[in-house]
Structure formats: C-alpha cells, structure tokens
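Down below is the structure, laid out as structure tokens.
The values are calculated or read from the model by the stated rules, or taken from the named source; none is laboratory data. Quick caveat, the model's predicted, so the values are computed rather than measured. Heads up, the Cβs are rebuilt from the backbone with ideal geometry, glycines too, and the neighbour counts pull from every protein chain shown. These area figures cover heavy atoms from the full protein model, side chains too; ligands, DNA and RNA do not enter into them. Shrake-Rupley method; radii C 1.70, N 1.55, O 1.52, S 1.80 Å.
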Amino acid sequence: MSDLHQLGVKALATLLRNKEVSAVEVATRFLARMGGNPHNAFLDIDSAVTLAQARDSDAKLAAGTAGPLEGVPVAHKDVFVTRDFATTAGSKILQGYRSPFDATVVQRLRAAGMVSLGKLNCDEFAMGSANENSAYGPVQNPWDTARVPGGSSGGSAAAVAAGLAPAATGTDTGGSIRQPASFCGITGIKPTYGRASRYGMIAYASSLDQAGPMARSAEDCALLLSAMCGGDIERDSTSLDMPTENFAAALDKPIEGLRIGIPQEFFGEGLADDVRAAVDAALREYEKLGAKLVPISLPRTELSIPVYYIIAPAEASSNLSRFDGVKFGHRAKDYTDLVDMYKKTRAEGFGNEVKRRIMTGAYVLSHGYYDAYYLQAQKIRRMIADDFQRAFTECDLIAGPVAPSVAWKFGENAGDPVADYLADIFTLPASLAGLPGMSVPAGFGTGGMPVGLQLIGNYFQEARLLNAAHRLQQATDFHLRKPEGI
Ligand code: GLN
C-alpha cells in the first residue's frame, strides 16, 4: 500500500484492526518518509524504538488485546518528556536530556496502542508563534517552504501536513496548537484547561498550559483526545478529576439550530482580507447546515495581549528557574563559583526570546511592580473569562479567525518580538479563560496558504466543538487538500 502516509488515524486504525496491514509496515512507511528529516520537523528519531513498539502492537493485534488506536503512529512535541527519546523543549539547555519517565499524555496514547515516531521541533520552551525560536533551527511550512509553520507546535503541524505522521501531540498556552494547525491546514484542539494531565509536560506557564491533538480531521482529533484526557490529580493537581469521555460519540449529530456567536472584535481592522474571506465563507457554510449566526461582543479582546504577555512570562520566570546546570541539562564549563556557574549556564543555554521572557517575568513580579502589572493582569484575566460567560448566554459556541493573517515568510517579523505577540490576539482570550478552542481548515488565502477557522466552546464542550468541526468537514474538503507532492 503506497498511500499509507496519506491516511488518517481512523482509517489506519481500521486497516490495522482488520489485519490488512501490520503495525510494522505502517511504522516502516512513516520512518521512510521521515528520512532526511524533511522540513526539520523532528528533533529525535530512533527507528529501533519505533519498530519495537510496532512489533508489540502487532502482537497485541494478533492476541486480541489491542487498544482502540493500536499500531497507529503518533509523534510528540518535544515538550513532553519521554524515556525512549531525548527531550529538549527546543532548548540548548536540555540538549541530549533523557527523562526517566514518560509524560502522562505519552503514556496514555501508548496505552491506547499508538506507536511513537519520535519528537517534534518547537519553539524553545513553547515560546513563540513561528517556530523561529527553536535552538535547533526553524521548521518549514510544507505548503511553502519559504514560510513559517506557525508555533510553538510548528514541528507537529508540519509533520502532519507533510504526511510524516498521521497525528501529533501539541501544547497550547496561548495558541500553540490552534495557530500552527491553521498555518499548516490541519485540525487541532486545545481542550478545557485541566482535561489533559500536565505531568511530564515541560512547564511554560502552568496556569495556561494544555496538551491536545493535531491531526487531519476533527474525527481523528476526537479519537486522540479521548485517549489523552483523564484525571491525574496525584501527579497534576490541576488536572480535572472527571471520567474519561468518548469525544467521537456525537460527531455526526445534526447542528440545526446551533447558535454560533460571532465576536465583532475578531473581525476588526487588523484582520487580513484573505483570512476574512475564507472565514466568512466557512460561516456561510454553517448557515447552510442550519446554524444561526449571532453577533456577540468580547470587549476585552485587545487587552488579552498585554495580560497574557505579563502572566505567561511571570509564570515562565518561576518555572524556568529549575534549569540551573545542577540536576540536569547543560552546565557551563568554566566558572569560578556557584553563582558564576548559574549565570554562565543560563546565559549559554537559553535563547534570546526565553531570556526576554524571564526578564519580563521577573520584572512584573518584583516588589513595587507586582500590583501594577501582575495583580492587575490577573484581575483583567478574570474579566475576560466573565465576558465569555456572558457571551455563552447568547450562543452555544463562538467562531472567528485563528490568526489575523496566513503564515508569514521567514524573517518577516524577525527582530520584532512584539509583531509576533500581536498576531496571537485571537487565540489568547480562550487561553486566558481556560476554554476549549480548535482550528479547522476553512480555505486558502494569499499564496495558496491555508486559513483556519477558530471554534471556541464553553468549559467541557469539546464534544460540541468537534461535532461542529466534523459537520463542516463533511460539507467541505479543505481538510483533505494536501501540499503539492504529498
Ligand atoms: N505565541 C504564544 C507565546 O509565544 C503562545 C505560545 C504557546 O501557546 N505555547 O507565548
């Protein structure tokens, strides 16, 4: 079967279960495609590990003890720690680091039968919107290699779009699943904060970090999400102690009468015409499916940028203090005393964006500025969450663009971090509120680049989001299109 790499998770799981193909054959096919590391999507590959897992899956398929996704490959963002692959979080400070354990999400997907293809490139410690902040080089967008794949889960999005993996894990703190999914024309969902365990996910901003799947369709995302989520309170106190849910159960439900809220603030001046046109067309499609578009307001949308870029760096400055050259990772070679060792290690190990955020974070938390910045940001964060609750009295879910533009060209925003920050405007509000959000392919814009539609749900409404996304994907074929030659 030569087109195995074009199949999604559901199709591969069915072939494997029916023994039309073996897990080793599937893994071999993807490993062959990954050879030469196209698009610089991967940071660690070990075919011996992957094939051993595939053989184990084949044994389970033969014995009738297979998990729901047995033998289907997945690749993990390098923010999830793994025993069998190196974990760097895209940083030099963790070069060659090996964790003694697997992250809960990695463990759960393996328990469901998925075979790991390796670790995916990302912005250093997930800080970025273009994958240009990885210490191991940028990732190319498979739709146009002169353009960024988005970030921070850029390797995850590029690998799925280029047929190097049928699905990938990502993490989303302020948009890192939704925005790269949008830029690379794939589907991705960030669940409600707390749905997936953060255990073994290298922390960036702990009150915002969430794991989620990235794949070719809403249906595939639903299958992965069902396997990934579940309470883990002994190891992550913010994980929700809720029973596991089958997010694929209601995919086909008709959406007649569904009230889709259209926030006017998401369609203002900064939105590029090509993105607006594609998003508008997707909304028309929803009307044809019987949904009702309801104008709503999220009045503090703009404030989400300063609020996020205070809270996230504040938490990062604390989280990243553990990288000091003592217990793990890089340690400077020549130093005079302990403080000198800390300084040199961190100066050598962290990249510029990470240093910028650590400094910003330390500043906003410092005595005398705490009330003016951090405390104020926390208050506005609460108001942003309240705005959503008001909006959800008028609608069942919210739709709008994921990002103000399609993927930009390498270097276009380089040297101007604020330009990247501003482009996060539509993904940050749901993150600050802890709400589930997803990106669904909605068409193409300038240069034939993909455009994503963002759907935001109320807490725990992932099934409803996936249902709405699936219905759109049954009526359109944007999610089926592939970059040339894939
Ligand atoms: N672009 C945002 C940032 O740089 C979001 C990143 C993320 O979600 N991890 O912080």
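Quick check: is even one residue across the range 358-368 open to solvent by 90 Å² or more (accessible area, probe 1.4 Å), under 28 Å from the mean Cα position of the chain (by Cα) and not hydroxyl-bearing (Ser, Thr, Tyr)? Within the range 358-368 (the criterion being open to solvent by 90 Å² or more (accessible area, probe 1.4 Å), under 28 Å from the mean Cα position of the chain (by Cα) and not hydroxyl-bearing (Ser, Thr, Tyr)), the answer is yes, since at least one residue qualifies.
For residue 189, the conditions (1) within 16 Å of the ligand (Cβ to nearest atom); (2) of a type in the set (Val, Ile, Thr); (3) out of contact with any helix residue (DSSP H, G or I) (no Cβ under 9 Å at 6 or more places or on another chain) all hold with the exception of (3). Every test in (1) on the phi < 0 side of the Ramachandran plot; (2) away from the ligand (no atom under 16 Å from the Cβ) is passed by residue 312 save one, and that test is (2). One residue stands out in the range 232-284 among those that are open to solvent by 80 Å² or more (accessible area, probe 1.4 Å) and outside any loop (DSSP other than H, G, I, E, B): the one that is nearest to residue 392 (Cα to Cα), namely 264.
In the range 382-403, how many residues are more than 29 Å from residue 445 (Cβ to Cβ) and either part of a helix (DSSP H, G or I) or open to solvent by less than 10 Å² (accessible area, probe 1.4 Å) (or both)?
Step one: list which residues in the range 382-403 are more than 29 Å from residue 445 (Cβ to Cβ), which gives 382-383, 385-386, 389-390, 392-394.
After this cut, where a residue has to be either part of a helix (DSSP H, G or I) or open to solvent by less than 10 Å² (accessible area, probe 1.4 Å) (or both) as well, the list is 382-383, 385-386, 389-390.
Here the count works out to 6.
Here residue 321 clears all of (1) more than 27 Å from residue 434 (Cβ to Cβ); (2) loosely packed, with under 14 Cβ neighbours inside 10 Å; (3) touching a helix residue (DSSP H, G or I) at 6+ places or on another chain (Cβ under 9 Å); (4) among the small types (Gly, Ala, Ser) except the condition numbered (1).
Does residue 210 satisfy being more than 15 Å from residue 435 (Cβ to Cβ) and either in contact with a Pro (Cβ under 9 Å, 6 or more places away or on another chain) or modelled with pLDDT of 95 or more (or both)?
On the way: more than 15 Å from residue 435 (Cβ to Cβ): no; either in contact with a Pro (Cβ under 9 Å, 6 or more places away or on another chain) or modelled with pLDDT of 95 or more (or both): yes.
No.
Is it true that residue 139 is among the hydrophobic types (A, V, I, L, M, F, W, C) and closer than 24 Å to residue 195 by Cα? Answer is no for this residue. Among the residues in the range 101-113, are any out of contact with any helix residue (DSSP H, G or I) (no Cβ under 6 Å at 6 or more places or on another chain) and within 16 Å of the ligand (Cβ to nearest atom)? Looking through the range 101-113, at least one residue is out of contact with any helix residue (DSSP H, G or I) (no Cβ under 6 Å at 6 or more places or on another chain) and within 16 Å of the ligand (Cβ to nearest atom). Of the residues examined, residue 372 is one that is of a type outside the set (Lys, Arg) and free of Cβ contacts under 8 Å to residues at least 60 places away in the same chain.
Name, by its number, the condition in (1) within 16 Å of the ligand (Cβ to nearest atom); (2) among the aliphatic types (A, V, I, L, M); (3) open to solvent by less than 10 Å² (accessible area, probe 1.4 Å) that does not hold for residue 164. Of (1) within 16 Å of the ligand (Cβ to nearest atom); (2) among the aliphatic types (A, V, I, L, M); (3) open to solvent by less than 10 Å² (accessible area, probe 1.4 Å), only one is false for residue 164: (1).
Go through the range 406-432 and give me each residue that's open to solvent by 20 Å² or more (accessible area, probe 1.4 Å), under 23 Å from residue 209 (Cβ atoms) and away from the ligand (no atom under 11 Å from the Cβ). Answer for the range 406-432, where residues must be open to solvent by 20 Å² or more (accessible area, probe 1.4 Å), under 23 Å from residue 209 (Cβ atoms) and away from the ligand (no atom under 11 Å from the Cβ): just 418.
Are any of the residues in the range 444-453 within 16 Å of residue 151 (Cβ to Cβ) and more than 17 Å from the chain's Cα centre (by Cα)? Break it down into steps so the answer makes sense when it comes.
In the first step, residues of the range 444-453 are kept if they are within 16 Å of residue 151 (Cβ to Cβ); the result is 449-450, 452.
Cutting the leftovers down to more than 17 Å from the chain's Cα centre (by Cα) gives us 449.
Among the residues of the range 444-453, at least one is within 16 Å of residue 151 (Cβ to Cβ) and more than 17 Å from the chain's Cα centre (by Cα), which makes the answer yes.
In the range 449-472 there is at least one residue matching the filter, namely being crowded, with 20+ Cβ neighbours inside 10 Å, within 16 Å of the ligand (Cβ to nearest atom), over 19 Å from residue 264 (Cβ atoms) and not hydrophobic (A, V, I, L, M, F, W, C).
Entry remark, the range 117-155: residues being open to solvent by 10 Å² or more (accessible area, probe 1.4 Å) and away from the ligand (no atom under 14 Å from the Cβ) number 11 in total.
Taking the criterion of being among the acidic types (Asp, Glu) and touching a strand residue (DSSP E or B) at 6+ places or on another chain (Cβ under 6 Å), the only residue of the range 16-46 that qualifies is 44.
Residues in the range 55-95 that are in contact with a His (Cβ under 9 Å, 6 or more places away or on another chain) and free of Cβ contacts under 8 Å to residues at least 60 places away in the same chain were compared, and the one that is farthest from residue 228 (Cα to Cα) is 85.
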